[in-house]
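Reviewing the structure listed below.
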Amino acid sequence: GAVVSQHPSWVICKSGTSVKIECRSLDFQATTMFWYRQFPKQSLMLMATSNEGSKATYEQGVEKDKFLINHASLTLSTLTVTSAHPEDSSFYICSAREYQGARTEAFFGQGTRLTVV
Amino acid sequence: QQQVKQSPQSLIVQKGGISIINCAYENTAFDYFPWYQQFPGKGPALLIAIRPDVSEKKEGRFTISFNKSAKQFSLHIMDSQPGDSATYFCAASKAQAGTALIFGKGTTLSVSS
């Protein structure tokens, strides 16, 4: 299957600082990427849809000024958690869909564990 | 309209047994139904996916059964192994590349040896 790479795998930051997470589609182009958040023992919750060359679309309740998304190229989307606080600690996962014939399979990165201290 | 309901929440199966996880969806516009396997600290890995034009798809020990009229689909893991112990998520969406997946709440599978 296609490869979606996420970096870093884990990060610890101090409260009030910003953290950037990168998501790359390694062997296909993705005009759209998705950012999810997952709390322990819970499901994935969609945060935002990242669109190449245009503004991201945020889900209800997600603060766009706190979670800045930039999709500057067809293979890279970044999520920046600004002024991070302990409640932002979570597992962040990106996803992209690849065309395979008439279908589009959805692949996920390995996730980023963010801990804010 | 956007919900995907998954059951059971947890499942314990003997080695060699069959694991069955069920999902139901509400939005009739959905036409892509994947299953993902997730190990702790890792991102979800695509196991198998089905479109509504077929009622069953098999890949190795994994089979999806799909019932369009009931708006239900299920994952069967044959000959379950301890290495299959993980959390499994069903999801649904439209098949277009710009559409996000809606996930079920997940099933934690434990295969005892």
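The values are calculated or read from the model by the stated rules, or taken from the named source; none is laboratory data. Please read these numbers as outputs of a predicted model, since none were measured by experiment. Every residue, glycine among them, receives a Cβ derived from its backbone with ideal geometry; neighbour counts consider all protein chains shown.
Data overview
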item	result
One residue from B:VAL54, B:VAL13 being surrounded by 14 or more Cβ atoms within 10 Å (Cβ to Cβ), of a type outside the set (Gly, Ala, Ser) and either within 14 Å of chain A (Cβ to nearest Cβ) or assigned to a strand (DSSP E or B) (or both)	B:VAL13
Hey, A:PHE108 closer than 30 Å to B:VAL54 by Cα and out of contact with any Asp or Glu (no Cβ under 8 Å at 6 or more places or on another chain) or not	yes
A:LYS55, sole failed condition from (1) away from chain B (no Cβ under 13 Å); (2) among the charged types (D, E, K, R); (3) in a strand (DSSP E or B)	(3)
The lone exception for B:SER85 - which of (1) at the interface with another protein chain (Cβ under 7 Å from one of its Cβ atoms); (2) over 20 Å from A:TYR92 (Cα atoms) it fails	(1)
Residue, farthest from the chain's Cα centre (by Cα), within the stretch A:79-117, restricted to residues that are modelled with pLDDT of 90 or more, over 21 Å from A:SER43 (Cβ atoms) and surrounded by fewer than 19 Cβ atoms within 10 Å (Cβ to Cβ)	A:VAL117
Residue check, A:ASN70 over 24 Å from B:GLY41 (Cα atoms), facing chain B (nearest Cβ under 10 Å) and not aliphatic (A, V, I, L, M)	no
Residue match in the stretch A:79-94 (condition: at the interface with chain B (Cβ under 9 Å from one of its Cβ atoms) and within 13 Å of A:GLU22 (Cα to Cα))	yes
Residue in the stretch B:4-22 that is charged (D, E, K, R) and out of contact with any Ser or Thr (no Cβ under 8 Å at 6 or more places or on another chain) present	yes
Selection within the stretch B:96-113 - at the interface with another protein chain (Cβ under 7 Å from one of its Cβ atoms) and either buried (at least 19 other Cβ atoms within 10 Å of the Cβ) or on the phi > 0 side of the Ramachandran plot (or both)	B:ALA100, B:LEU101, B:PHE103, B:GLY104, B:GLY106
Close pairs (7 angstrom Cβ cut-off, 6 or more residues apart or separate chains): modelled with pLDDT of 95 or more in the stretch A:1-23, outside any strand (DSSP E or B) and polar (S, T, N, Q) anywhere	A:GLN6/A:GLN110; A:SER9/A:GLN110; A:GLY16/A:SER83; A:SER18/A:THR82; A:SER18/A:SER83
Test for B:ALA70: is it more than 14 Å from chain A (Cβ to nearest Cβ) and not in a strand (DSSP E or B)	yes
Residues of the stretch A:22-42 satisfying the condition of being more than 19 Å from A:ARG97 (Cβ to Cβ) and either within 11 Å of chain B (Cβ to nearest Cβ) or not in a loop (DSSP other than H, G, I, E, B) (or both)	A:PRO40, A:LYS41, A:GLN42
Residue list for the stretch A:65-98, restricted to those being assigned to a strand (DSSP E or B) and free of Cβ contacts under 8 Å to residues at least 24 places away in the same chain	A:LEU68, A:ASN70, A:ALA72, A:SER73
Every residue from the stretch B:33-47 that is outside any loop (DSSP other than H, G, I, E, B), more than 7 Å from chain A (Cβ to nearest Cβ) and not polar (S, T, N, Q)	B:PHE33, B:TRP35, B:TYR36, B:ALA45, B:LEU47
Subset of the stretch A:1-21 (residues that are assigned to a loop (DSSP other than H, G, I, E, B), within 14 Å of another protein chain (Cβ to nearest Cβ) and not polar (S, T, N, Q))	A:GLY1, A:ALA2, A:VAL3, A:PRO8
